[in-house]
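Structure first, then comments.
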Amino acid sequence: MAEQPLGDGLVYEDAMPLTWAEGPLVDGIELARMNAENLQLLGAESSLEEARVHDAMKDESPALAHELQRLEYKLNILLRLIAELSARQNALPQPEPVRLSAAGLEWVGADGPRVGTTGTVTLYINPALPQPLKLSCRVVGERQADGRRVAQLRFAGLSDSVAEAINKLIFRHHRRLVAGAKHSST
């Protein structure tokens with residue numbers, strides 16, 4: 001049976017900026033640092049979409065909830081400005097169609113890496129956060145979809161906490177799609 005680079009479960013499909021740097025699989029201290037940075041980035045991305053504290057506090061203290069909402073608004077403006085400035089300084093790669101899971105990703109397009117190579121993929125998961133995920137990968141296969149090449153990458157050395165955070169990112173994306181579909185059908 002052929003290896004399933006995305007594993008089982010939900011998959012996040014979108015066009016995201018990404019790049020590939022061929023090289024050996026990352027290990028040791030460098031891998032620990034990469035996992036820590038990825039976990040921090042995924043936590044920051046998650047905090048942008050979490051249920052707001054002020055919603056839970058409306059009944060407790062309306063004045064405090066209002067102040068938290070005001071501060072959150074200011075922080076969101078700052079995040080957008082920083083992301084815009086960073087994007088101007090460091091042009092992001094062109095978005096490419098990808099399918100992401102906690103086990104790996106599929107990269108649609110001719111620019112994907114060759115089967116049998118190893119390296120690091122950088123993946124920009126949120127335009128408000130110009131820092132990319134950096135994931136050590138092995139290119140385990142390729143397939144054709146709609147006449148286009150699809151490179152299949154399997155993550156190597158991903159910590160359990162990073163895999164769990166990626167699963168949460170995928171679930172939030174799936175939940176937004178379901179909510180959007182319900183909203184558009186009503």
For this session: Hey, could you check the range 104-131 for residues that are outside any loop (DSSP other than H, G, I, E, B) and in contact with a helix residue (DSSP H, G or I) (Cβ under 7 Å, 6 or more places away or on another chain) and say which is modelled with the lowest pLDDT?
Result: Leu129
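How many residues are assigned to a loop (DSSP other than H, G, I, E, B) and either among the acidic types (Asp, Glu) or in contact with a Lys or Arg (Cβ under 9 Å, 6 or more places away or on another chain) (or both) if we restrict to the range 85-103?
Looking only at the range 85-103, we keep the residues that are assigned to a loop (DSSP other than H, G, I, E, B), and these are 90-94, 101-103.
Applying the additional criterion that residues be either among the acidic types (Asp, Glu) or in contact with a Lys or Arg (Cβ under 9 Å, 6 or more places away or on another chain) (or both) yields 103.
The number of residues fulfilling the criteria is 1.
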Exercise. Of all residues in the range 1-21, how many are farther than 18 Å from Val150 by Cβ and modelled with pLDDT of 95 or more?
Worked result: 1
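Got a sec? Which of Ser184, Ser136, Ser159 is hydroxyl-bearing (Ser, Thr, Tyr) and over 17 Å from the mean Cα position of the chain (by Cα)?
Numbers: Ser136 fails: over 17 Å from the mean Cα position of the chain (by Cα); Ser159 fails: over 17 Å from the mean Cα position of the chain (by Cα).
One residue alone meets the criteria, Ser184.
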For this session: Go through the range 60-87 and count every residue that is closer than 15 Å to Leu129 by Cβ and either polar (S, T, N, Q) or modelled with pLDDT of 75 or more (or both).
Result: 2
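Take the residues of the range 22-41 that are assigned to a helix (DSSP H, G or I) and among the aliphatic types (A, V, I, L, M): which is modelled with the lowest pLDDT? Lay out the reasoning, then the answer.
Of the residues in the range 22-41, the ones assigned to a helix (DSSP H, G or I) are 28-41.
Within this subset, residues satisfying the condition of being among the aliphatic types (A, V, I, L, M) are 29, 31-32, 34, 36, 39, 41.
On the way: Ile29: 97, Leu31: 98, Ala32: 97, Met34: 97, Ala36: 96, Leu39: 94, Leu41: 91.
Filtering the range 22-41 for residues that are assigned to a helix (DSSP H, G or I) and among the aliphatic types (A, V, I, L, M), the one modelled with the lowest pLDDT comes out as Leu41.
Based on what the data block shows, is Ala44 at pLDDT 70 or above, surrounded by 12 or more Cβ atoms within 10 Å (Cβ to Cβ) and in a loop (DSSP other than H, G, I, E, B)?
no
Being surrounded by 17 or more Cβ atoms within 10 Å (Cβ to Cβ) and among the β-branched types (Val, Ile, Thr) narrows it down to one of Val121, Val178, Val115, Val140, so name that one.
On the way: Val178 fails: surrounded by 17 or more Cβ atoms within 10 Å (Cβ to Cβ); Val115 fails: surrounded by 17 or more Cβ atoms within 10 Å (Cβ to Cβ); Val140 fails: surrounded by 17 or more Cβ atoms within 10 Å (Cβ to Cβ).
Only one candidate qualifies: Val121.
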For this session: Would you please list the contacts, defined by Cβ atoms under 8 Å and residues six or more apart or on different chains, that run from a residue in the range 58-71 that is at negative phi to a residue that is among the acidic types (Asp, Glu) and modelled with pLDDT under 70?
Result: Ala65/Asp55
Problem set entry | Considering residues of the range 130-184 that are of a type in the set (A, V, I, L, M) and in contact with an Asp or Glu (Cβ under 6 Å, 6 or more places away or on another chain) only, the residue farthest from Thr118 (Cα to Cα) | Val150
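The values are calculated or read from the model by the stated rules, or taken from the named source; none is laboratory data. Everything quoted here is computed from the prediction, not taken from an experiment. Here the Cβ is made from the backbone with ideal geometry for all residues, glycine too, and neighbour counts use every protein chain on show.
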